[in-house]
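Structure record follows, encoded as C-alpha cells.
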Amino acid sequence: MHPASEYLRFLVTLTAVLDPFLAIPVFLAVTSRSEPAAGPRLAWVITFTVFLVLAGAAVFGEGLLELIGASIPAFRVGGGLVLLLMALAMLNAQAGAMRQTRAEAEELESREARGVVPLAVPLLAGPGAISTSIIAAQAGGPAHVALLVACIALVAFMLWIVLRVAPAVAPRMGTTGLNVATRLLGLLLAAIAIQTMAEGLRDLFPGLG
C-alpha cells in the first residue's frame, strides 16, 4: 500500500493525460455522422476500451518490462519524456503526433465510427496513459494494483460523463473554452512529466541526488 497522496497524484496525472476536453471535438465530429443513438453507445465503447487497456497495462506492464529487460527507472525517464511531448502539444491546444498522426486523423474522418481505433486507442489510451499506468503500478503488491485499477475505473467514469454531456457542454464552452481547459491540463502534465523524469534519472544515476 502506498500513501493516499500517491493515488491522488495518479488520478490527476491520468486525467491530464487522457484530457477529455481534447477528445470532445473529435467525439462530436464522429457522432455527427451517425444516428442519435450512436452517441451514447460510442461513449460507452470508448470508455470501456480505455479502462481495459489501462487496467491491463497496470496489471501486466511490469511483467512485460521484465520480460524485455527494461528497468523501471529507464521506463520512468522514457515515459516522462512521452508525457512532456504530449504536454507541449496540449499547451498549443493540439492533439500532437504522440496521440494521433495525420494519417490516423484522416482515417478517423473517412471511416465509420467504431470507437476502439483510433478514437479510444491511441487518441485517449495512448503511449502516455499506458506508460503512466505501468509506472504507477511498479513495485506494488496486489492491493496496490487493485487500488490503481479502481482509480482507472474512476477516471474512465469521469471520461464517460464528459462524453455523454459533450453535445450540451461543447457549444457553451466553445473552442476557446475547450482549448483553455486543455492548456491548463497541459501545464499540469508538464510539471508531472518533469518530476517523473527527475525520479527516473535519480534512480539511474544515484550521484545526481
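Derivation of every value follows stated rules applied to the coordinates shown; laboratory data play no part. Nothing here was measured: the structure is a model prediction, and the numbers come from that model. Here the Cβ positions follow ideal geometry from the backbone for every residue, glycine too, while neighbour counts run over all protein chains shown.
Extension gain for the segment Ala191 to Ser71, taken as residue separation times 0.36 nm less the Cα-Cα distance, is 40.9 nm to one decimal. Relative to the longest principal axis of the Cα atoms of the chain, the long axis of helix 72-91 lies at roughly 30 degrees.
If you run the Gaussian network model on the chain, springs between alpha carbon atoms under 10 Å, then out of Leu188, Leu123, Leu18 the most flexible one is Leu188. Expressed as an acute angle from 0 to 90° and rounded to the nearest 10, what is the orientation of the C-alpha long axis of helix 142-204 relative to the principal long axis of the chain? Helix 142-204 and the main axis of the chain meet at about 10 degrees. In the chain, helical runs assigned H by DSSP with n ≥ 4 each contribute -39500 (n - 2.57); averaged across all residues and rounded to the nearest 500, the mean residue ellipticity at 222 nm is -27000 deg cm²/dmol. In a Gaussian network model over the chain where Cα atoms closer than 10 Å are linked, find which of Ala57, Ala120, Ala198 has the largest mean-square fluctuation. Comparing Ala57, Ala120, Ala198 in a Gaussian network model of the chain, the most mobile one is Ala198.
Using a simple spin-label model with pseudo-atoms 7 Å out from Cα toward Cβ, Arg41 and Ala146 lie 3.6 nm apart. Sequence-ordered 3J(HN,Hα) estimates for the range 57-71 from the Karplus curve with 6.51, -1.76 and 1.60 and θ = phi - 60° stand at 5, 5, 7, 10, x, 5, x, 5, 4, 5, 5, 8, x, 8, 7 Hz, glycine and proline given as x.
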